[in-house]
Amino acid sequence: MITATIDTIALGIYWDRLISIADEMMQALIRTAFSSTVRETHDCSTTLFDAQGRAIAQATSAIPSFTGTAPMTLAHMLARYPASTLKPGDILLTNDPWMGTGHMFDVSVMRPIFMQGRLVGYCMSVSHLPDVGGAGWSPETTEMYQEGLRLPVSRFFEAGVRNEWLVDLIAGNVRVSDQVLGDLMANASCTAVAERMFVEFLQEYGINDLTLVADAILASSEASMKASIAQMPRGTWRNSLTIEGKVGPINLACAVTLDGQRITVDYEGSDPAGPWGMNVPMCYTRAMTGYAIKCLTLPSVPNNDGVMVVIDVRAPVNSILNAQPPAATAVRHSVGHALYPLLMGAMAEPLPDRVHAQSGGGNMLNVRGQFKGRKHAQVFFCSGGYGALSGFDGHATTPAPSNPRGMPVEVWEAQTGLFIESKALLPDSGGAGAARGGLGQKLRMRNDSGAPVSISCFSGRTDFGAEGFAGGAAGKLRRYWINEQPVPSKKAYQLQHGDVLMTEEAGGGGFGLPTERPDALLVDDLRAGYVTPKGLVDDWCLAADRVAELLMQAGLPT
């Protein structure tokens, strides 16, 4: 039986148990999903809440932005369907960009948790849907109405009975209804797993009301955040960043204020919203800001509302970081992901040992076509290199600031008929530095499906490379070719049968002066093929005779 106070050991046990429930919930979602986007690349998240709607635990491998938006989504759901109106077996869902994750392609699914007829908590899953109709996942939309089916907060199940009218509405407006409905049911199923395990946990420890446990978890997290902030310099630091837009560059700006107790991030000075699908609703801006700040302050403490309560986020209304309906938001991550390096840059002066150089980022290719008589809508994930840290090389082909897995080649080929001719690390793509930036990769994909395939490209780092920090060099740019001809990013293309798409993924930025990298590490890089003799001359500015000496030490021909 839980008492009015919880000792540290008991709190640790309860906390770990709740995180394990969120992990099990996410595994149930992954293992029952129909789309490869969830099943293989794990573009999803799960979160547990107490009866007051406070986030207390998330899955350890959850997508950062989904975890950041889930508490606000729950608040919107309870505003539409107050707790007093909910019953056992109810499930709510929405994909509204301003209530959910910032675009229509993610669905948020929530189940209230009851024990002996009493509401004791909530659980929510979020996953990227393979299709929502409309123009598809593309930066070329100009308003939200083109982007697909926008679902307000709706009852998916009521008292355990599925809303067949809603199911018919969704099925009639998407291209691959079997995958979409299968993923929706996977979301519903994983919430059932979470409810069962949540109630078992409460009963096992004799907990009738989770409030005291939740209070302790949130108080511990908040206190740890405040202690971390108290140790940081006080003041305001500013930064700006230019990234690729649909029709020109986009300028982002921030001011980060540390006052010893709280962190305030203000995006005043960022560009206004634009007429393309790269605008960012405030929910996503808050989520990506919270993720970056947590990485800088307290990365080891699990995420919950206690961590986020000390972070204030502001952005001008109708700016690109606080877009309003009916702005197009389909690829809001193309701008939202830039907040992470923007904030890292702002904190480079006060927290030089905690920041890392910019990363090449993930590349998401949205693909629609037909193979062996079946329509498909898929997302191919592949990543550039991670930015280097002080004393640590960046990892190769590692996504940042999100964490989806790379698409397995065998699964991709079997489902789409798109044959991966080659996939290899890209030498010399990581930025030079005392710590080298992570390598990107080179990919060749051939359309062997026997039918035309639509591919939408919308990743960044095609004009502005991942910048290095503390004197480190930038990583190489991301580039696209179709049939050996270079093509612009931020566009949709038709691949005919036999056409070949090739990408070079961007490298991460270096950290520290390249002249400070020890020869032993350069020799290791040469042996591993991470750098080439030409790259050492062109990118590292080494003299030819020194490169020859390094080659001799590596046992390679000069």
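The values are calculated or read from the model by the stated rules, or taken from the named source; none is laboratory data. Here the structure is a predicted model, which means the values were calculated and not measured. Glycine gets a Cβ as well: all are built from the backbone with ideal geometry, and neighbour counts include every protein chain shown. The protein model used for the area step is the full one, side chains on, heavy atoms only, and it has no ligands, DNA or RNA in it. Shrake-Rupley method; radii C 1.70, N 1.55, O 1.52, S 1.80 Å.
Numbers for the structure displayed
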quantity: Checklist (1) in contact (Cβ under 8 Å) with a residue 60 or more places away in the chain; (2) of a type in the set (D, E, K, R); (3) over 21 Å from W540 (Cβ atoms) applied to E484, failing item; calculated: (1)
quantity: Which numbered condition A528 misses (of (1) closer than 16 Å to G433 by Cβ; (2) within 35 Å of the chain's Cα centre (by Cα)); calculated: (1)
quantity: Any chance A506 is farther than 20 Å from E140 by Cα, surrounded by 21 or more Cβ atoms within 10 Å (Cβ to Cβ) and in contact with a Pro (Cβ under 7 Å, 6 or more places away or on another chain); calculated: no
quantity: Residue in region 486-499 that is at pLDDT 95 or above, out of contact with any strand residue (DSSP E or B) (no Cβ under 8 Å at 6 or more places or on another chain) and not charged (D, E, K, R) present; calculated: no
quantity: Some residue of region 174-189 being without any contact (Cβ under 8 Å) to a residue 40 or more places away in the chain, of a type in the set (V, I, T), farther than 27 Å from Y340 by Cβ and crowded, with 17+ Cβ neighbours inside 10 Å; calculated: no
quantity: Residues being assigned to a helix (DSSP H, G or I) and open to solvent by less than 60 Å² (accessible area, probe 1.4 Å) - total across region 513-531; calculated: 7
quantity: Candidates E143, E164 - the one that is out of contact with any strand residue (DSSP E or B) (no Cβ under 7 Å at 6 or more places or on another chain), open to solvent by 30 Å² or more (accessible area, probe 1.4 Å) and without any contact (Cβ under 8 Å) to a residue 24 or more places away in the chain; calculated: E164
quantity: Subset of region 48-70 [touching a residue at least 60 places away in the same chain (Cβ under 8 Å), touching a strand residue (DSSP E or B) at 6+ places or on another chain (Cβ under 7 Å) and closer than 18 Å to I13 by Cα]; calculated: L48, F49, D50, A55, I56, A57, Q58
quantity: Counted residues, region 1-47 - those being under 30 Å from A377 (Cα atoms) and outside any helix (DSSP H, G or I); calculated: 11
quantity: Number of positions in region 95-107 that are of a type in the set (A, V, I, L, M, F, W, C) and open to solvent by less than 10 Å² (accessible area, probe 1.4 Å); calculated: 3
quantity: Search result, residues across region 306-331 that are open to solvent by 10 Å² or more (accessible area, probe 1.4 Å), modelled with pLDDT of 95 or more and not polar (S, T, N, Q); calculated: I311, D312, V313, R314, A315, P316, V317, P325, P326, A327
quantity: Evaluation of A400 against (1) out of contact with any Phe, Trp or Tyr (no Cβ under 6 Å at 6 or more places or on another chain); (2) under 26 Å from T69 (Cβ atoms) (one fails), failing number; calculated: (1)
quantity: Some residue of region 58-71 being in contact with a Pro (Cβ under 8 Å, 6 or more places away or on another chain) and under 24 Å from W137 (Cα atoms); calculated: yes
quantity: Every residue from region 539-552 that is open to solvent by less than 80 Å² (accessible area, probe 1.4 Å) and either of a type in the set (F, W, Y) or over 34 Å from the mean Cα position of the chain (by Cα) (or both); calculated: W540, L542, A543, A544, R546, V547, A548, L550, L551
quantity: Residues being in contact with a strand residue (DSSP E or B) (Cβ under 6 Å, 6 or more places away or on another chain), of a type in the set (D, E) and closer than 23 Å to A357 by Cβ - total across region 399-433; calculated: 0
quantity: Only one of M110, M77 that is part of a helix (DSSP H, G or I) and either modelled with pLDDT of 95 or more or open to solvent by less than 20 Å² (accessible area, probe 1.4 Å) (or both); calculated: M77
quantity: Residues of region 324-349 classified as touching an Asp or Glu at 6+ places or on another chain (Cβ under 7 Å) and in a helix (DSSP H, G or I), total; calculated: 0
quantity: Odd one out for S300 among (1) open to solvent by 40 Å² or more (accessible area, probe 1.4 Å); (2) part of a helix (DSSP H, G or I); (3) among the small types (G, A, S); calculated: (2)
quantity: Single match in D525, D499, D463, D448 (criterion: under 21 Å from W137 (Cβ atoms) and of a type outside the set (G, A, S)); calculated: D499
quantity: Search result, residues across region 458-480 that are open to solvent by less than 30 Å² (accessible area, probe 1.4 Å) and in contact with a strand residue (DSSP E or B) (Cβ under 6 Å, 6 or more places away or on another chain); calculated: S459, G460, T462, F469, G472, Y480
quantity: Test for G535: is it more than 31 Å from the chain's Cα centre (by Cα), surrounded by 20 or more Cβ atoms within 10 Å (Cβ to Cβ) and closer than 26 Å to A400 by Cβ; calculated: yes
quantity: Yes/no for G430 being in contact with a Lys or Arg (Cβ under 7 Å, 6 or more places away or on another chain), closer than 22 Å to D43 by Cα, surrounded by 23 or more Cβ atoms within 10 Å (Cβ to Cβ) and touching a residue at least 12 places away in the same chain (Cβ under 8 Å); calculated: no
quantity: Every residue from region 36-53 that is crowded, with 21+ Cβ neighbours inside 10 Å and over 18 Å from the mean Cα position of the chain (by Cα); calculated: L48, F49, D50
